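Here is the structure we will look at, set down as structure tokens.
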Amino acid sequence: MVLFYFNLRIYMATSEALEKLKDTMSREGKTVKDLFEEIDTNGDGTINGPELYKGIKKIVGDSLTPGQISMIITAFDTNGDNRIDVMELRNALS
């Protein structure tokens, strides 16, 4: 039962962030690559936890906690390296 609630929390946090990211992209005419480059502040080609937290906070405000950001990384990070690359972000937003 605990795993069910954990997975539900991941889904809800991810869905909320995805909708807000998509809305912002649409409103501002940004591509996934534009969004990725905005969030990847150190320019290393991947988004780590602190970058994602700051990027999402900048885009969607304080509506997500660091724990929810961690859950989003888990959901978006399909190769398990604890970072999000541009393809993983593109897949998550498609």
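Worth pointing out:
- Candidates in the stretch 40-65 are the residues that are without any contact (Cβ under 8 Å) to a residue 24 or more places away in the chain and part of a helix (DSSP H, G or I); of these, the one that is farthest from E28 (Cα to Cα) is P50.
- Leading residue by the ranking (surrounded by the fewest Cβ atoms within 10 Å (Cβ to Cβ)) among those in the stretch 66-84 that are in a loop (DSSP other than H, G, I, E, B) and of a type outside the set (V, I, T): G80
- Qualifying residues in the stretch 35-65 (those that are modelled with pLDDT of 95 or more and among the small types (G, A, S)) - the one surrounded by the fewest Cβ atoms within 10 Å (Cβ to Cβ): G43
- If the condition is being over 12 Å from V60 (Cβ atoms) and either touching a residue at least 40 places away in the same chain (Cβ under 8 Å) or surrounded by 13 or more Cβ atoms within 10 Å (Cβ to Cβ) (or both), then the stretch 12-34 contributes T14, K30, V32, K33.
- Identity of the residue in the stretch 66-91, polar (S, T, N, Q) and farther than 11 Å from A17 by Cα, that ends up modelled with the lowest pLDDT: S70
The values are calculated or read from the model by the stated rules, or taken from the named source; none is laboratory data. The structure presented is a predicted model; accordingly, all values stated were derived computationally and were not measured. Note that we place each Cβ from the backbone using ideal geometry, even for glycine, and neighbour counts take in every protein chain shown.
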